[in-house]
Amino acid sequence: MLFYALTISLSAFLLFEVQPVIAKMILPWFGGSSAVWSTCMLFFQLILLLGYAYAHWLNKLPPRKQAMAHISLLALSLLALPIIPNPSWKQAGMEQPSLTILALLSVTVGLPYFLLSSTSPLLQAWYARTHQSGLPYRLFALSNFCSMLALLSYPFLIEPNLTSRSQGLIWSGAFVCFAALCGLTAWRTSAESTVAAAPDAQVEAAIVTAPTWTERFLWLGLAAAASILLLAVTNHLTQDVAAIPFLWILPLAAYLLSFIVCFEAPRLYFRPVLVPLAIASLAFMADRLWVDHHPLALRLVIALLNVALFIVCTACHGELVRLKPHPRYLTGFYVIISMGGAVGGLFVGLFAPNVFHAYYEFPIGLAFCALVLAGVFTRALWQAPQMWKSTGMVVLCLLLGGYVYFLRGIMVEMVSGYKVVARNFYGQLRVFDEGDPRVDDDAARKLIHGVINHGQQMLRPEYRRRPVTYFCPQSGIGRAMKALEGAPRRIGILGLGCGTLAAYSLPGDTLRIYEINPQVLEIANRDFTYLKDSPAKVEVAMGDGRLLLEAEPATQLFDILVMDAFSGDSVPVHLITREAFALYFRHLKPNGILAVNISNSYLDLEPVMERAANAFDKTGLVYHWAARDDDNICFSCSWTLIMNHETAAAHPELQKDAKLLLPTRPFRIWTDDFSNMFSILR
C-alpha cells in the first residue's frame with residue numbers, strides 16, 4: 001500500500017505543480033493575456049483524457065506487458081527534461097496563438113504530463129487487481145488532496161522564493177524520482193498474483209451490470225458542467241484583475257476540493273442541504289454577470305465566487321459519486337470524467353474565443369450546469385412518491401425555466417447598445433456612445449476592454465482632440481509631454497487603446513505605437529479619430545511591444561517612451577522586469593523620459609517602479625492625481641516618470657505634486673526569471 005500511496009501522491013503533486021510553473025514561464029511570450037492560462041488548461045485536460053484512455057487500454061494487457069510498456073514510456077519521457085521552454089517559440093505578433101501554445105506545451109511537457117495523468121487510474125486498477133481489501137476510490141481522493149497541496153503551495157511557497165528556471169529544474173528532478181518510483185511499483189505489481197475474489201465478491205461480480213448509456217452521458221455532462229464553470233469563473237476573475245497564478249489557482253483549488261470531499265467522504269454530500277445551496281450559488285454567479293449587479297468589495301467577490309464554484313462543483317461531483325460504477329469499470333469511469341473535462345476546456349479555451357463576440361461561455365455554462373443537475377434530480381424524482389414527484393417536477397421546471405430566461409437576458413445585455421462588440425484571444429472590446437453631442441458637452445465615445453474603460457474621445461468637434469481619461473494634462477503623462485515641448489519629438493507608445501496620446505502630438509513629431517491586438521488598431525482607425533487628426537507622423541508596429549523592441553537592432557532614440565499596455569487592470573509582467581527596463585532605456589535618448597501608467601485598482605506597482613529606477617540609477621517620480629467626483633472627462637490615475645538625474649534637474653516643473661520614489665520596504669527586483677504579484681496585492 002505504501003508504494004501505491006507514495007507513487008500516486010508524488011504524481012498528483014507534480015501533475016498540478018507543473019501547471020502554474022509552465023504557464024508562468026510562457027505567459028510573457030504571448031502578451032501576458034489571461035487566455036494563456038485558459039489555453040494551458042485546455043492542453044492539460046486533453047492530455048489528462050489521453051492519460052486516462054491509455055490507463056484504460058493498458059489495463060487490458062497481461063500484468064507483465066503492462067509493466068514493460070509503462071516502464072519504457074517512463075524512460076522515454078526523461079528525454080523531455082528539463083521542462084524549460086525553448087525561446088525559439090517566442091513570436092512578437094500573432095492574432096490567435098492558441099495553437100502555438102498547444103504545440104509548445106506538447107513538446108515541452110507533453111509526455112511527462114501524459115504519464116503523470118495516467119498514474120492515478122492505472123495504480124488504482126492495479127491495486128484493485130492485487131488486493132481484496134481497501135477501496136481504490138480512496139486513492140483517487142488522495143490524488144486530489146496532493147494536487148490541491150501542489151496548487152496552494154505555489155503562490156505561497158514556490159513563486160515567492162524560486163526563480164522560474166529553478167522551479168523547472170527542481171520539478172524535473174522530482175519527475176526523475178517519480179519515474180523511478182513508478183517503474184518500481186509497476187514491476188513489483190506485475191509480479192504479484194491476481195487476488196481471487198472472495199465468494200461474496202464472486203457472486204457480486206457475477207450479477208454486476210455494466211453502466212447504462214444514460215449513466216455514461218450523465219457522467220460526461222456532470223464532469224463537463226463543472227469544467228466549464230471552473231474555466232469561466234477563472235476567466236471572469238483574471239480578465240480585469242491580473243493574469244497571475246494566485247487567481248488561476250483559487251478556482252482550481254475549489255474545484256479539486258469538491259472532488260476530495262465527494263470521493264473521500266461521500267456522506268457529506270447531503271442533497272437536502274446541497275441542492276438549495278447549489279441553486280443559491282448558481283443564482284449568485286448569474287447576478288455577478290448582470291450589468292446592474294450589487295457592488296461588493298473585490299476580496300469579497302473573489303471569495304464568494306470561489307465558494308459558489310465549490311458548492312456547484314460539489315453538487316456535480318457528488319452526483320458523480322452516486323453514479324460511480326463497480327470497480328470493474330473504474331478506468332472507463334475516469335476516461336469519461338476526463339472526457340467531460342476536455343469538452344469543457346475545448347468549449348471555453350478554443351471554441352468561445354474564436355466564435356463568440358462576448359463572454360457567452362459563462363452564462364451558457366451556468367445554464368448547462370443547471371440543465372444537467374435538473375436531469376439528475378429528475379431521474380431521482382422518478383423513485384420518489386407520487387406526491388413528491390409531481391410537486392418536485394413542477395418546482396424544478398419553474399426554477400429552470402426562470403433561470404434560463406434570466407441568463408438569456410444577460411447574454412442580450414452583454415451586446416445590446418454597443419456600436420462594436422469584438423473578441424479574440426486578447427479579450428473582449430466594446431464601443432459605445434454616451435450622451436448627445438448636440439446638447440451634452442461631455443458626450444463621449446468609449447472603448448471598453450472587459451469592464452475597464454480603455455479610452456474615450458469627446459464627440460463635440462471642438463473637444464475631439466482633447467486628451468482625456470487617464471491622460472489629462474494634470475496627470476503624470478500630461479506633465480511629461482508638456483516638459484518636452486519645444487522641439488520635434490520622437491514618442492514611443494506601448495499600447496494603443498483608442499489613440500488618446502496622439503492628442504499630444506505636434507507638427508514635426510513622430511509617434512511609433514506598438515500594439516499586440518489587431519482588433520484594437522482596427523477600432524482606433526475606424527471608430528475614433530485621434531490617429532487621423534494627429535499632425536505627427538504615425539507609425540504602428542503590430543505585435544508584443546517588448547519583443548518588437550528586442551528585434552529592432554538600432555536604437556529608436558525616443559524622447560519619451562510610454563508604457564500603457566495593460567489590459568484592463570491586468571499586468572503583463574514581462575513589461576515591468578529589470579530586463580524590460582534595460583530595453584526601454586536602450587531605446588531612449590540619454591535625456592529621455594520613461595512614463596509608466598501604474599493606475600490599478602488591485603495592485604500596488606510602486607515598489608516595482610522604485611526597484612527598477614534604483615537598479616539603473618535613475619530618478620523615479622510618481623504622480624497620484626485625483627479627479628473631482630463630478631469630473632466625467634478626467635479619471636483619477638497614477639503615473640511614474642523615470643529619467644536621468646540630470647533630466648530631472650533640468651525640468652524642475654516635474655517636481656511639483658510629484659513624490660520621489662524611495663525604498664519603503666524590502667522588495668526584490670522583478671526579473672524575467674522572478675516575479676511575485678501576490679506581494680503587491682492591495
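Read-outs throughout are calculated quantities, based only on the coordinates presented, and are distinct from any laboratory measurement. None of the values given here were measured: they were computed from a predicted structure. Glycine gets a Cβ as well: all are built from the backbone with ideal geometry, and neighbour counts include every protein chain shown.
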Please flag any cysteine in the chain that has no other cysteine's Cβ under 4.7 angstrom from its own Cβ.
CYS40, CYS146, CYS177, CYS182, CYS262, CYS313, CYS316, CYS369, CYS397, CYS498, CYS637
Of the listed values (1) 1.02; (2) 1.41; (3) 1.06, grab the one calculated as Cα Rg over 2.2 N^0.38 Å from the structure here.
(3)
When the charge dipole of segment 469-680 is computed with +1 on Lys and Arg Cβ and -1 on Asp and Glu Cβ about the Cα centre, the Cα farthest towards its positive end, among VAL573, GLN655, GLY492, belongs to GLN655
Using the Cβ atoms and a cut-off under 15 Å, what net charge is assigned to the surroundings of GLY486, where Lys and Arg are +1 and Asp and Glu are -1?
+1
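Share of antiparallel DSSP beta bridges in the chain, in percent to the nearest 5?
Expressed as a percentage, antiparallel bridges in the chain total about 60.
Regarding segment 266-347, what is the average projected area of its C-alpha convex hull, in nm²?
Working: hull surface 28.4 nm².
Across all orientations, segment 266-347 yields a mean hull projection of 7.1 nm².
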What does the charge count near LEU323 come to, summing +1 for each Lys or Arg and -1 for each Asp or Glu among other residues with Cβ under 14 Å from its Cβ?
+3
Once you list every other residue whose beta carbon is under 15 Å from the beta carbon of PRO211, what net charge do they have if Lys and Arg are +1 and Asp and Glu are -1?
+3
So how far apart, in nm, are the two label points at ALA75 and GLU413 if each is 7 Å from Cα heading toward Cβ?
6.2 nm
Across segment 567-628, how large is the tail of the calculated P(r) beyond 13 Å, expressed as a percent of all Cα pairs?
66 percent
On C-alpha positions alone, give me the angle between the axis of helix 386-415 and the longest principal axis of the chain, in degrees, nearest 10.
20 degrees
In degrees, nearest ten, helix 213-238 long axis to first principal axis of the chain (Cα)
20 degrees
Can you list, bin by bin at 10 Å, the percent of alpha carbon pairs in segment 1-196, starting at 0?
9, 35, 34, 16, 5, 1, 0
Considering only Cα-Cα distances, which of the following residue pairs are longer than 30 Å: LYS90/LYS659; LYS618/LYS656; LYS537/LYS589; LYS24/LYS482?
LYS90/LYS659; LYS24/LYS482
Could you calculate the contour length gain from ASP441 to TRP187, that is, 0.36 nm times the residue separation minus the distance between their Cα atoms, to one decimal place in nm?
83.5 nm
Pulled fully out, how much extra length does the chain show between ASP533 and ARG628, if you take 0.36 nm times their separation in residues and subtract their Cα-Cα distance?
31.3 nm
Considering only HIS645, VAL608, LEU531, whose Cα is most displaced toward the positive end of the charge dipole of segment 469-680, charges sitting on Cβ of Lys, Arg (+1) and Asp, Glu (-1)?
HIS645
